[in-house]
Amino acid sequence: MRLVVLLALAIGTLTAQVKEYKPSRLNLFSKDQDVQLGKESADEVRKTMPIVDNKELVAYMDRIGQRLAKSKRAGGFPYTFEVLNDPTINAFALPGGPMFIHTGLIASVENESQLAGVLAHEMSHVSLRHGTSNVSKANLIQLPAMLAGQALGTKGGMLGTLGQLGVSLGAGSVLLRFSRDAEKEADLNGAQMMNDAGYDPNAMAIFFDKLNEGGKRDDSKLANFLSDHPTPGNRTKYVADQNKFLPKIKYSELDPQELTKAKAIIAKLPPPPKPAPAASTAAAPAGGGTTPTAQTRPSGQFKQHKGAAYAFNYPTNWEVFGDANASSVTVAPRATLVQDAKGNVQIGYGFMTSYYVPQDGKPNLQRDTAALLQQMAGANPGMRQTGNARAVKVGGLDALLSPFQSASPYQGQQETDMILTIARPEGLFYTVFIAPQSEWAGAQPAFDAVVTSLQFVK
Ligand SMILES: [Zn+2]
C-alpha cells in the first residue's frame, strides 16, 4: 500500500511539470465563429489551390489526424484533412479545423510520427485559437461591431467581414502567421497531443531540427513554412525537456507500408498547375455579376465622411470602410469589393484615400507623386499611365491628376484609375478613383463632387 501511495505522489509531482496550454482570453470570436471562418476560408482554398483527389492518400492523412484529434489538447474542433499538390514543405490549418497538407511535406518526412508532429503542431494553432486571437488583437476597435453584424447575417460571410479590415488568406495573413511565443505553445501542446495519441513526441523535435538545417541552406521549399512559423529557439531541447514529464506510454504508428504507399502516390501525381494570373482568376463581384448594376452606380446624392485629417462627400449608396481616425479609407458599394485568388480584396468601383509618406524631406508634389505612381505600378503588373499628369487646384491647393488603366476585377474588363495627389505637411495625400472603363464617363460627375468637397482639417 505504501508503495502505491508513494508512486501516486511521485506521478503527481511529475505531471505538475507539464503545463496545460489554454487559448488566450483575448479573442473576440466565439469557437463557433472560428469554425464558420474556417469553413468559408477552406472553400476559398479549394477554389484556388490544387487539391489532390486521391481517396487512399487522403484517408491515410485523416487516420493520422483523427487519432490526434481525440486528445483533449486538440480542443474538440471538427478537424478535416486534405492534401494540396504543392512540392514545398508545408501544411496549414485554418481556424476551427480545416487542414491542408502539402505533398512536399509528406514526401520529406522519414516516418509517420514526424508527419503526425507537424499535424499536431498545426492542430495546436487551431485549438489554442492563435489565428483569431491575432485578428482580435489587431482590430480591437472595429471588430466587435462587425462580428455583431455577422450574427445578424451580413452578406459576404465572415471572410467578407474580415476583408473589410484587410484580413485575408493572402501571403503573410495574420490568420496563418504566428509569433515565436505562439510557436512554442504549438510545439509543446502538440507534443502533449502526440503523446496522448501514442506518437513519440520526440519525432516532432527531430523533424523541426531537420527543417532548421534546411532553412540555414536557404532551401526554397521551406520558405513559407519558416515565415509562417518562426523558430522559437531551441525546439529540440524544450520539447525533449517536456517529454521527460509526459506519462510514459507505448508508442506506435499505423501500418509502416502506408507512408511508403503515400509517397508512391505523390511521386506519380502530375506536376502542380502554375498559379493562374490574378486578373483571370478574380471572382465575380458578389451579387454584381460581371457588370455593375444600378445599385452599385453612384446615386447622385451625397453625404459627408468626416475623418480626423480630412472630410469629403460621397454617394449615399456607397459605404465608407475604415473609421474616422484611419488615415486610409475605402469608399465603395459593398457588392463591388472583390476578393481575388489570393484572398486580397480588390475594389472594382469606388475610391480610396490614403497618405504616402516620403522617406525624407518635406512633401514635394512632383517628386512624391512620381515615387507613389512608380510604387503602385510596381505592385500592380499591367497598370499603365494613359496620359500626362494634369495640374489642378483643389480647395486652393496645388494637386495633380494622373490617369491610369489596369485590369478590372470585373471579369474581362479594363478599368480606369484616376489618381489625385496633394502635398500636405503630414505627407502626400492621394485618392484613387476606380471604375470599369465602360462606366467611367457615368461615374465622373460623382468623382468630381468628391474632389470638390474635399477639406483638410487644418
Ligand atoms: Zn506554427
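Coordinate-derived values only; no laboratory data. This structure is a prediction, so every number in the text was calculated from the model and none was measured. Neighbour counts are summed over all protein chains in view; Cβ atoms, including those assigned to glycine, are modelled from backbone coordinates with ideal geometry.
Among the listed pairs K210/K237; K22/K210; K55/K263, give every one whose C-alpha distance is greater than 18 Å. Over 18 Å Cα-Cα: K22/K210. Computed from phi, the 3J(HN,Hα) profile of the range 255-261 under the Karplus parametrisation 6.51, -1.76, 1.60 (θ = phi - 60°) reads 3, x, 5, 4, 5, 4, 5 Hz, with x in place of Gly and Pro. Listed values for the range 234-243 are Karplus-derived 3J(HN,Hα) couplings in whole Hz (6.51 cos²θ - 1.76 cosθ + 1.60, θ = phi - 60°), namely 7, 4, 4, 5, 6, 5, 4, 4, 5, 4, and x replaces Gly and Pro.
With an 8 Å cut-off on Cα pairs and a minimum separation of 6 or more residues, tell me the relative contact order of the range 19-267 in percent. That works out to 23 percent.
Can you give me the C-alpha center-to-center distance between the range 17-93 and the range 347-414, rounded to a whole angstrom? Here the two parts' Cα centres lie 41 Å apart. Footprinting exposure proxy ranking of M146, M204, fewest other C-beta atoms within 10 angstrom first, gives M146, M204.
Oblate is the label for the range 167-279, because a/c, from the alpha-carbon gyration tensor with a ≥ b ≥ c as root eigenvalues, is 1.5 or above and a/b does not exceed b/c. Per residue, the average separation of C-alpha pairs within less than 8 Å and at least 6 apart gives the range 352-458 a relative contact order of 27 percent. Sorted fewest first by neighbouring Cβ atoms within 10 angstrom, L162, L373 come out as L373, L162. Between T231 and A107, the C-beta separation translates, for a Förster distance of 22 Å, into a calculated FRET efficiency of about 0.50. Between amide H atoms placed 1.01 Å from N, distances below 5 Å from V174 occur with S168, all of them 5 or more places distant or on a separate chain.
Put simply, the C-alpha atoms of the range 19-267 give a gyration tensor, and the ellipsoid matching it has half-axes of 29, 20, 17 Å, longest first. What FRET efficiency comes out for the pair K55/K210, r = Cβ-Cβ distance, R0 = 35 Å, nearest 0.05? Efficiency, rounded to the nearest 0.05: 0.75.
Taking 17 Å as the cut-off, the amide N atoms of the range 92-124 that come nearer than this to a point 7 Å along the Cα-to-beta-carbon line of Q257 belong to 112. For D417, the residues 5 or more places off, or on other chains, whose built amide H falls under 5 Å of its own are F404, Q405, S406. The label-point distance for R46 and V357, in a model that sets each label 7 Å from Cα toward Cβ, rounds to 4.3 nm. Annotation: amide H-H contacts under 5 Å for I347 (H modelled 1.01 Å from N, sequence separation of 5 or more, or interchain): V338. Rounded to the nearest Hz, the phi-derived 3J(HN,Hα) couplings of the range 435-447 under the Karplus curve 6.51 cos²θ - 1.76 cosθ + 1.60 (θ = phi - 60°) are 7, x, 3, 5, 9, 4, 4, x, 7, 4, x, 5, 5, where x marks glycine and proline. Rounded to two decimals, the Cα radius of gyration of the range 22-148 over 2.2 N^0.38 Å is 1.09.
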